[in-house]
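Note sheet for the following structure.
What follows draws every value from the coordinates through simple rules; no lab data is involved. Values in this document were obtained by computation on a predicted structure and should not be read as measured data. In this analysis, Cβ positions are derived from the backbone assuming ideal geometry, glycine residues included, and neighbour counts consider all displayed protein chains.
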Amino acid sequence: MATAKHISEDMLPALRAAGFWEGVSRGLGCWAWTGAQSEKGYGRFSFGGETHKAHRIAFALGKNTALPGVVMVCHRCDNPVCCNPEHLFLGLAADNNDDAADKGRSPRALGMRNARAKLTDEAIQHIRNSNARNADLSALYGVSDGHISRIRSGERRSA
């Protein structure tokens with residue numbers, strides 16, 4: 001993971017003068033970045049010949065603080081375009097990964113905590129207790145025979 005760009009205290013007045021907040025639609029709840037976005041939907045703001053993540057600038061300006069490059073600005077609201085400083089918090093990469101897992105947005109989130117899980121806990125129990133063939137169960141649940149086999153052996157979704 002690349003280090004984020006440092007935002008120094010000296011940069012804050014120039015960022016305000018560059019019209020950063022003009023690109024933010026403030027309202028109740030999330031404040032949406034209306035400018036350019038990355039392929040993952042995060043706001044992008046060009047300043048001083050570099051492109052910065054909009055939510056990092058919003059945090060620095062809103063909290064009137066510098067941001068070292070190793071510090072991440074994370075979203076409580078899980079809205080990548082949000083620039084409301086009250087929806088943002090500081091953390092390291094591990095904190096951001098833990099937050100994603102806690103909210104079911106990461107492969108690290110296991111079982112039903114993973115938003116991409118295809119099988120409920122009840123389905124897992126049925127697969128383990130069933131005498132049906134793997135092929136029949138895979139057709140029933142829309143997963144591969146191999147996945148059924150890994151569930152039965154305990155490699156996936158262990159009890």
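Side notes on the structure shown:
- By the Cβ distance rule (another cysteine Cβ under 4.7 Å), the unpaired cysteines of the chain are 74, 77, 83.
- Around the Cα centre of the stretch 1-111, unit charges on the Cβ atoms of Lys, Arg, Asp and Glu (plus for the first two, minus for the last two) sum to a dipole of about 160 debye.
- Order of 150, 56, 133 under a 10 Å beta carbon neighbour criterion, fewest first: 133, 150, 56
- The ranking of 53, 40 from fewest to most other beta carbons within 10 Å of each one's beta carbon is 40, 53.
- By definition, a body whose alpha carbon gyration tensor gives a ≥ b ≥ c is oblate when a/c is 1.5 or more and a/b is not larger than b/c, and the stretch 1-45 fits this oblate description.
- Considering only 78, 145, 98, the mean-square fluctuation computed in a Gaussian network model of the chain, springs between alpha carbons under 10 angstrom, is largest for 145.
- The stretch 1-77, relative contact order [Cα under 8 Å, separation at least 6], %: 37 percent
- Residues 30, 83, ranked from the fewest to the most other C-beta atoms within 10 Å, line up as 30, 83.
- Relative to the Cα centre, the charge distribution of the stretch 21-76, modelled as +1 at Lys and Arg Cβ and -1 at Asp and Glu Cβ, gives a dipole magnitude of about 200 debye.
- The overall shape of the stretch 1-81 is rounded: from the C-alpha gyration tensor, with semi-axes ordered a ≥ b ≥ c, the ratio a/c is less than 1.5.
- With Cα atoms, 0 to 90° folded angle of helix 93-102 axis to the chain main axis: 50 degrees
- Which labelled figure in (1) 21.8, 69; (2) 26.0, 99; (3) 18.8, 67 is Rg and Dmax of the Cα atoms in Å, once derived from the coordinates: (1)
- Cα-based reach from residue 53 at 21 Å (exclusive), listing lysines while leaving out same-chain residues under 8 positions away: 5, 40, 63
- Considering only 54, 93, 18, the Gaussian network model of the chain with Cα springs below 10 Å gives its largest mean-square fluctuation to 18.
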